[in-house]
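**Q** This is the structure I have questions about; it appears just below.
Each reported figure results from applying straightforward, stated rules to the coordinates on display, with no laboratory input. Everything numeric here is computed off the predicted structure, so don't read it as measured data. Don't worry about glycine lacking a Cβ; one is built from the backbone with ideal geometry, like all the others, and counts go over all protein chains shown.
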Amino acid sequence: MSMRLLDHPSTQPPAEGKPLELEEMRSGNEMAAKAAAQINYHVMGYFPITPSTEVAEYLDEMRVRGEHDIVMIPADGEHGAAGICYGASTGGGRVFNATSAQGFLYMLENLPVQSGTRFPMVLNLVTRSVSGPLNIHGDHSDLYYGLNIGWPILLARDPQAVYDMNLIALRVAEHRDVRLPVIVAYDGFFTSHAKRRVKFFRDRQTVQNFVGPVPEPPVTTLDPRHPVTVGPYMNEPDFINNKYQQSLAMYRAGEVFQEVAEEYAALTGRFYGPLDLYRMEDAEVALFILNSAAETARAAVDELRASGVRAGIVSPNLIRPFPLRAVQEALAHVRVVLVAERADSYGGHGPNLTHEVKAALQEIHAPVHVLSRVFGLGGREFYPQDAMNLFGECLGWLQGADVPSFDYYGVEPGDEDAVPFAPGLPPLTREQTTGFISVDRDESTGRLRVKAPNLRALTAKPRRLAPGHGACPGCGIFPGVETFLKGIEGDVVVLYQTGCAMVTTTGYPYTSHRVTYLHNLFQNGAATLSGLVEMFWEKKRRGEIPVGDDITFIMVTGDGGMDIGMGPALGAALRNHRMIILEYDNEGYMNTGAQLSYSTPLGHRTSTSGVGEKGQGKSFPHKDTPQIMAAANIPYVFTGSEAFPQDLIQKAAKAQWYAKHEGLVYGKILIACPLNWQSPDDQGNVIVGAAVRCCFFPLYEVEHGKTTITYDPEAKGERIPVSDWLKRMGKTRHMLRPENRALLEQFEAEVERRWRRLRAKHEHPDL
């Protein structure tokens, strides 16, 4: 969970002629949010991804306190967020966003459109490792994908620079000779979450004065009296002319950056040139290194200087446009420079900036030897001793040692005897998981009949998920998923989309899965699994898999995965592959810190739908995913809960029969998240049971279009008020306050409306 911004910072007296600044301990993400709030952007389209998620969280905290007026639009994924931002930017206002890693890649195809049509905005890229395998820590592998999209890229080495660069970036983006969207990149966790002493302007008006009013755009899509066509189809030579103009604007951005940086230095005393140079005046050996690692390396330079070695550091403050002349001037007199990069250009004999440094030096025929090292991938720590070791490579070359031009630094030899499985977890046999449940079809009604033993008898069925996962105490995912799996017979292959269930069960080299497991990305698990399903059936048709072999394919998704993954899931449903999609619904993006998802109910508090003077939780109702999937006309849709285990087990058995014989099945189970629901660890079963009994989460199935309520609390006289469910969770207690009576009534009315519609479908087969 994010920490709140400090409300009582210390005040530093301004230097003569300087505006008043406050000083306190802040992280990089806090400073990105602070800059955005003081600029008071018009729109932010966002989607949560670690480690950039906190930026939106902090902005939401400030929003409910009334500290800015930014319209924060929760997207269905980063691709959608990029579309929101682009659309907003064409309207001539100010637009902001933050993302990381796969999120940046997911929005990537949008980004050249925005730069190619010349609509400015500011995007904070909180750098992180690109999957796979999945890693959430900081390196620059995502940043390097942005080198060719036509966006100027500014670098921020510490939280102070994050604040300053965000103000400078907007000025660069909106300059009449640039008009390009700009990236501010800073290191995930090393800068995003690390707190440092920083200064920022006390008064928003100071920031407003520096960035100036929103400039009149050359074109806007919000002036009906002057219609424009944005993004037309374009043939040559117009297309190459357009790109030439964009190229000129990019190089002009470098000049504008220096102009704005000088103006900012006059205002604050903090200057950012194209390069940050440390003791380079007479350096013989140098490191060329980006962002936070450059700060760490300074200690090594000081130690080397004390021993008589003339060492220095070159760290760029922008890499697009590449500061060619500054690099040439800084390195022309050194004998050897080592370019250390937190990314690789696989097969390129060195990462991207290595080749750009080489090209810059070749252009002036400088006799500088260039070494290249990849370091710090996956967030591996970088210490002063590591910098000493890299300088040692330079000194070794000077002394005639055989030093490779390109290599990885910090790689450890593998252990050939290591086994990537937890001890004591032999694979399950088909016989161990078969013979407990039977399913047949009633020929007169066409409905399936399930014969399942009681829960005590089913304890003999081995668990497909072993104990030992790393989930929070009381997490409802595993009792919910395991109860469902009790109803599944025989061999299974599972695919887990990114989320808590995935992360907590697959910490290499161990696994909690006793069956074959597959992972791709947050959004396209359904597409991935559908490809595997069709490969299975085609290999079976060709005789490459024995006729008697059978596998049930199950995708497990949750933590908002049916928001970002809705498109691929609907695609798989419409194609009707023989597989099961099981969604565990914990009502938020819990794996990234409990942000709002479309499954979050109306009024519920999350880290991006806060409670305060300007907000009372989520402002719109939750998405009814089962009804959406039922509209795709798949054979079987169901809802379930661990609080009603026998009902869920019978539905699992039906789901398996339909997935084997007819096509795609979708099921949704409500599960508790004690940490983010702010509820006791041992009350998950009780709370989700109350959600069912108050009719917020009704239990039903849709079998070939026929809706059947499988538990009717009204008919059994067991229905409870919605408030009885809400009072059990800290995230919803504000809804029960007298001043929020209207919000509670709106939520109760929505629950009742959906329940009555479901009852009508149950009573009328044609609905």
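**Q** Restricting to the range 137-177, name every residue that is over 20 Å from residue 296 (Cβ atoms), among the hydrophobic types (A, V, I, L, M, F, W, C), out of contact with any Lys or Arg (no Cβ under 8 Å at 6 or more places or on another chain) and part of a loop (DSSP other than H, G, I, E, B).
**A** Once the filter is applied, which keeps residues that are over 20 Å from residue 296 (Cβ atoms), among the hydrophobic types (A, V, I, L, M, F, W, C), out of contact with any Lys or Arg (no Cβ under 8 Å at 6 or more places or on another chain) and part of a loop (DSSP other than H, G, I, E, B), the range 137-177 yields only 149.
**Q** Then there's this: Quickly run through the range 534-556 and pick out the residues that are under 30 Å from residue 499 (Cα atoms) and assigned to a loop (DSSP other than H, G, I, E, B).
**A** Passing the criteria: 550, 551.
**Q** While we're looking at this one, here's another question. Pull up the range 364-411, narrow it to residues that are aromatic (Phe, Trp, Tyr) and surrounded by 16 or more Cβ atoms within 10 Å (Cβ to Cβ), then point me to the one that is farthest from the chain's Cα centre (by Cα).
**A** Per the stated criteria, the residue is 397.
**Q** A further question on this structure: If I ask for residues that are surrounded by 19 or more Cβ atoms within 10 Å (Cβ to Cβ) and without any contact (Cβ under 8 Å) to a residue 24 or more places away in the chain, which ones from the range 471-501 would you list?
**A** 478, the sole residue that qualifies.
**Q** Taking into account only those residues within the range 94-136 that are outside any loop (DSSP other than H, G, I, E, B) and without any contact (Cβ under 8 Å) to a residue 40 or more places away in the chain, which is surrounded by the fewest Cβ atoms within 10 Å (Cβ to Cβ)? I'd like the intermediate steps shown before the answer.
**A** Step one: filter the range 94-136 for residues outside any loop (DSSP other than H, G, I, E, B), giving 95-99, 101-106, 108-117, 122-127.
Still in the running and without any contact (Cβ under 8 Å) to a residue 40 or more places away in the chain: 109-110, 112.
Numbers: 109: 11, 110: 18, 112: 14.
Filtering the range 94-136 for residues that are outside any loop (DSSP other than H, G, I, E, B) and without any contact (Cβ under 8 Å) to a residue 40 or more places away in the chain, the one surrounded by the fewest Cβ atoms within 10 Å (Cβ to Cβ) comes out as 109.
**Q** Output the qualifying pairs, or none if there are none: Cβ atoms under 6 angstrom, residues six or more apart or on different chains, first residue in the range 433-460 and more than 23 Å from residue 708 (Cα to Cα), second residue of a type in the set (Val, Ile, Thr).
**A** none
**Q** Conditions first: (1) assigned to a helix (DSSP H, G or I); (2) free of Cβ contacts under 8 Å to residues at least 12 places away in the same chain. Residue 346 passes all but one, so which condition is the exception?
**A** Result: residue 346 fails condition (1) only.
**Q** Can you say whether residue 617 is farther than 30 Å from residue 533 by Cβ, touching a strand residue (DSSP E or B) at 6+ places or on another chain (Cβ under 7 Å) and in contact (Cβ under 8 Å) with a residue 12 or more places away in the chain, as far as the supplied structure shows?
**A** Here the answer is yes, as residue 617 does meet what is asked.
**Q** Does residue 100 count as touching a strand residue (DSSP E or B) at 6+ places or on another chain (Cβ under 6 Å) and within 30 Å of residue 227 (Cβ to Cβ)? Let's see the steps before the verdict.
**A** Details: touching a strand residue (DSSP E or B) at 6+ places or on another chain (Cβ under 6 Å): yes; within 30 Å of residue 227 (Cβ to Cβ): no.
For residue 100, the condition - touching a strand residue (DSSP E or B) at 6+ places or on another chain (Cβ under 6 Å) and within 30 Å of residue 227 (Cβ to Cβ) - is not met.
**Q** Answer yes if at least one residue in the range 652-664 is acidic (Asp, Glu), crowded, with 22+ Cβ neighbours inside 10 Å and closer than 18 Å to residue 488 by Cα, and no otherwise.
**A** The answer is no; no qualifying residue exists.
**Q** Related question: Whether any residue in the range 690-705 is more than 19 Å from residue 448 (Cβ to Cβ), buried (at least 20 other Cβ atoms within 10 Å of the Cβ), in contact (Cβ under 8 Å) with a residue 60 or more places away in the chain and touching a Gly at 6+ places or on another chain (Cβ under 9 Å) is what I want to check.
**A** Checking the range 690-705: not a single residue is more than 19 Å from residue 448 (Cβ to Cβ), buried (at least 20 other Cβ atoms within 10 Å of the Cβ), in contact (Cβ under 8 Å) with a residue 60 or more places away in the chain and touching a Gly at 6+ places or on another chain (Cβ under 9 Å).
**Q** Within the range 621-643, which residues are assigned to a loop (DSSP other than H, G, I, E, B) and either touching an Asp or Glu at 6+ places or on another chain (Cβ under 8 Å) or crowded, with 21+ Cβ neighbours inside 10 Å (or both)?
**A** Those that are assigned to a loop (DSSP other than H, G, I, E, B) and either touching an Asp or Glu at 6+ places or on another chain (Cβ under 8 Å) or crowded, with 21+ Cβ neighbours inside 10 Å (or both): 621, 622, 623, 634, 635, 642, 643.
**Q** Let me ask something else. For the range 372-401, give me the residue count where each residue is among the aliphatic types (A, V, I, L, M) and in contact with a Pro (Cβ under 8 Å, 6 or more places away or on another chain).
**A** 1
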